[in-house]
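What follows is a single structure, written as structure tokens, with notes after it.
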Amino acid sequence: LGGLSMLFGAASFAVYLIIVRETADRQSANRALSGLISHLPGLVYRRGVDGDFAVVQAEIGVLGGTGEPVVRALGRSGASWLPAVEEADRQALVRAVSEAVATGGGYEAEYRLRGPAGAEVWVLDRGEIVRGADGAAIASEGFIEDISVRKRAERELEASQRERDRLTAELFHRTGNS
């Protein structure tokens, strides 16, 4: 009986060592992944696909500009995402995610977020649907990038083009070439 208990003790110890090693490997892999994500210009997320798109998990990379406080506030686990989306943009995001759920593809949406202090930030959200063993959509995973600077440049370009068109029309009118 003594030899049998030593055998089971050794087996238990071997299982324990395997678990410790796998845990250490997993922790090392998680640290490496977090290190990589910390260099990305945005937020890597896992959100629910129904209701208010509650954040399940998020890792924030390198952020700057107006979007940082907004994305940081929304990147907390359990944070409700959809209520922070500008009301005029919500339907487009819901439609993009719903289509991805229905078709099994990915989605992409540009929309505005409103932070707790009312700050507006434009984001580009790209993601894919995660399905459970039964094929049901259980979450979306993706990346959100602050595109506020690009959107501001687009607005300035449009304003510049309108001004150019106005000046061209005025020039033609004044020279009698209308």
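The values are calculated or read from the model by the stated rules, or taken from the named source; none is laboratory data. Predicted model, so just to flag it, every value in this text is computed and none were measured. Reconstructed Cβ throughout: ideal geometry from the backbone, glycine too, with neighbour counts over all protein chains shown. Accessible surface is based on the protein model in full, side chains and every heavy atom, while ligands, DNA and RNA are left aside. Shrake-Rupley method; radii C 1.70, N 1.55, O 1.52, S 1.80 Å.
Which of the numbered conditions does residue 166 fail, given that it passes all the others? Conditions: (1) touching a Lys or Arg at 6+ places or on another chain (Cβ under 6 Å); (2) of a type outside the set (Asp, Glu); (3) open to solvent by 90 Å² or more (accessible area, probe 1.4 Å).
So residue 166 meets the others, but not (1).
For the structure I just gave you, tell me whether residue 118 is within 17 Å of residue 47 (Cβ to Cβ) and surrounded by fewer than 10 Cβ atoms within 10 Å (Cβ to Cβ).
no
Give me the residue from the stretch 140-160 that is open to solvent by less than 90 Å² (accessible area, probe 1.4 Å) and over 13 Å from residue 44 (Cβ atoms) and, out of that set, nearest to the chain's Cα centre (by Cα).
Of everything passing the filter in the stretch 140-160, 146 is nearest to the chain's Cα centre (by Cα).
Report the residue count in the stretch 88-110 for those that are closer than 13 Å to residue 52 by Cα and of a type in the set (D, E, K, R).
Looking only at that region, the number is 1.
Which residue pairs have Cβ atoms closer than 6 Å, lie 6 or more positions apart in sequence or on different chains, and pair a first residue in the stretch 137-160 that is over 17 Å from residue 98 (Cα atoms) and of a type in the set (Val, Ile, Thr) with a second residue that is surrounded by 12 or more Cβ atoms within 10 Å (Cβ to Cβ) and at pLDDT 85 or above?
Listed by first residue and then by second, the contacts come to 144/123; 144/125; 147/122; 147/124.
Identify the single condition in (1) within 19 Å of residue 137 (Cα to Cα); (2) modelled with pLDDT under 80 that residue 103 does not satisfy, given that it satisfies every other one.
Unmet for residue 103, out of (1) within 19 Å of residue 137 (Cα to Cα); (2) modelled with pLDDT under 80: (2).
With respect to residue 108, is the statement that it is in contact with a Gly (Cβ under 9 Å, 6 or more places away or on another chain), exposed (fewer than 13 other Cβ atoms within 10 Å of the Cβ) and of a type in the set (D, E, K, R) true?
Answer is yes for this residue.
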